[in-house]
Ligand code: HSE
């Protein structure tokens with residue numbers, strides 16, 4: 001019999017409960033501890049679990065859970081390698097520092113790891129998968145993408161019989177909330193962001209979310225799972241929502257679209273495109289209808305066609321449920337390569353050539369109120385061989401400028417970029433055009 005590269009280290013059901021160590025006791029960590037202590041037999045046919053030890057930055061911070069009955073570790077690496085636990089749950093976050101050191105240490109010992117850390121896996125996932133497979137440790141990360149919505153399992157298990165060429169969706173709840181609130185309340189990006197921070201919906205340092213990086217980490221992982229490739233965040237093309245103006249949200253709506261932060265990974269042969277950017281999404285499309293902080297995902301398989309998944313992408317309960325699902329998988333003995341193929345065989349796909357991508361686009365500009373302005377703009381577009389799909393001109397505004405919005409037919413992105421430059425160079429244009437892609441979904 002061939003030897004499996006993934007030795008089964010699962011404790012047999014019926015033995016003592018599986019002892020869990022939790023590093024990082026913030027909102028999600030507290031949710032996991034609460035859930036597992038209230039439901040130690042949450043997977044009754046498989047086995048019991050018990051949290052035995054914890055580690056966090058501040059032992060005495062006020063929390064909803066009482067930590068006094070758990071063994072305390074100041075150092076997460078000491079917890080990860082301690083004999084007091086059988087499985088290490090990493091909820092510290094961050095791609096470097098203590099989270100990375102602790103996960104590496106646990107895997108090197110052959111100890112199973114469950115993590116919600118998308119940044120760590122998007123950047124170091126290939127190296128970690130190699131260690132995990134060398135030592136026979138499980139490395140599970142359902143909670144890293146879409147919180148309680150099982151996108152990882154869907155790709156890692158449900159769709160292994162198909163070839164998935166595209167995953168695209170809304171993977172950051174904070175951005176989706178901000179864009180939805182701007183549209184609903186007519187407030188600016190800055191106003192909605194400050195309110196979200198005051199209510200605790202957005203982080204004090206929101207860069208990871210609003211800069212598109214969190215969605216970039218997540219789509220990097222989904223692409224790796226979908227295509228059986230090494231995750232390679234450095235190759236992702238990431239743009240956030242900081243530059244989305246209320247006026248764009250309103251004008252997009254008038255044209256039949258809603259602006260969403262779309263994360264997509266597409267495979268074409270040996271090439272992949274992984275990108276995150278704001279995009280006009282047709283109002284009738286299910287992605288346009290996923291409002292508030294919801295996450296949503298399309299998966300396109302050659303045999304199954306299109307799947308649509310929508311649900312909560314964050315929060316204590318849903319994320320704790322995803323961590324528990326991974327623990328149950330481990331207990332049940334499920335063994336699959338971390339990213340679909342054995343890590344030693346994994347390669348990153350080659351980044352697709354930007355020049356060959358196509359998109360339709362929305363342009364917003366303000367022009368001086370002179371005869372011949374429209375002709376000059378349409379001439380600039382014609383020189384780039386861009387065809388106009390729709391055109392909207394508003395009345396002259398105080399100050400004498402006229403807002404114009406147009407959308408183009410799909411074209412190469414290089415043509416779109418050339419048109420932005422050509423329009424910006426026109427004397428009649430008061431400021432460089434704002435360009436937002438139209439989602440090709
Ligand atoms: N901050 C993320 C979001 C959730 O807003 O969706 C955790 O990944």
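Could you check how many residues of region 245-274 are assigned to a helix (DSSP H, G or I) and surrounded by fewer than 24 Cβ atoms within 10 Å (Cβ to Cβ)?
8
Between 107, 120, 128, 155, which is part of a helix (DSSP H, G or I) and within 16 Å of the ligand (Cβ to nearest atom)? Give the derivation first.
Working: 107 fails: within 16 Å of the ligand (Cβ to nearest atom); 128 fails: within 16 Å of the ligand (Cβ to nearest atom); 155 fails: within 16 Å of the ligand (Cβ to nearest atom).
One residue alone meets the criteria, 120.
Take region 410-441 and flag every residue that is assigned to a loop (DSSP other than H, G, I, E, B), surrounded by fewer than 20 Cβ atoms within 10 Å (Cβ to Cβ) and over 28 Å from the mean Cα position of the chain (by Cα).
Result: 425, 426, 427, 428, 430, 431, 432.
Residues checked against (1) surrounded by fewer than 20 Cβ atoms within 10 Å (Cβ to Cβ); (2) assigned to a helix (DSSP H, G or I):
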| site | (1), (2) |
| --- | --- |
| 208 | no, yes |
| 215 | no, yes |
| 223 | no, yes |
| 226 | no, yes |
| 229 | no, no |
| 243 | yes, no |
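Scanning region 182-196 for residues that are in contact with a helix residue (DSSP H, G or I) (Cβ under 9 Å, 6 or more places away or on another chain), assigned to a helix (DSSP H, G or I) and free of Cβ contacts under 8 Å to residues at least 60 places away in the same chain, which turns out nearest to the ligand (Cβ to nearest atom)? Quick ask: steps written out before the conclusion?
Residues of region 182-196 in contact with a helix residue (DSSP H, G or I) (Cβ under 9 Å, 6 or more places away or on another chain): 182-183, 185-189, 191-193, 195-196.
Applying the additional criterion that residues be assigned to a helix (DSSP H, G or I) yields 182-183, 185, 189, 191-193, 195-196.
Next, only the ones that are free of Cβ contacts under 8 Å to residues at least 60 places away in the same chain stay: 185, 189, 191-193, 195-196.
On the way: 185: 19, 189: 15, 191: 18, 192: 14, 193: 12, 195: 15, 196: 10 Å.
Taking the candidates together, the pick is 196.
Could you check region 66-88 and list, in sequence order, the residues that are surrounded by 16 or more Cβ atoms within 10 Å (Cβ to Cβ) and in a loop (DSSP other than H, G, I, E, B)?
67, 70, 81, 82, 85, 86
Within region 356-372, is there a residue that is within 34 Å of the chain's Cα centre (by Cα), closer than 30 Å to residue 269 by Cβ and either assigned to a loop (DSSP other than H, G, I, E, B) or at pLDDT below 90 (or both)?
yes
Pick out the one residue from 296, 352, 324 that is within 16 Å of the ligand (Cβ to nearest atom) and surrounded by 16 or more Cβ atoms within 10 Å (Cβ to Cβ).
None of the other options fit; the residue is 296.
Quick one: which of 275, 302 is more than 16 Å from the ligand (Cβ to nearest atom) and over 23 Å from residue 217 (Cβ atoms)?
Result of the check over 275, 302: 302.
Would region 197-204 turn up any residue that is free of Cβ contacts under 8 Å to residues at least 24 places away in the same chain, within 16 Å of the ligand (Cβ to nearest atom) and touching a helix residue (DSSP H, G or I) at 6+ places or on another chain (Cβ under 7 Å)?
Yes, because at least one residue in region 197-204 is free of Cβ contacts under 8 Å to residues at least 24 places away in the same chain, within 16 Å of the ligand (Cβ to nearest atom) and touching a helix residue (DSSP H, G or I) at 6+ places or on another chain (Cβ under 7 Å).
The values are calculated or read from the model by the stated rules, or taken from the named source; none is laboratory data. Remember, it's a predicted structure, so these values are computed and weren't measured experimentally. Positions of Cβ are generated from backbone atoms using ideal geometry, with glycine treated the same way; all protein chains shown enter the neighbour counts.
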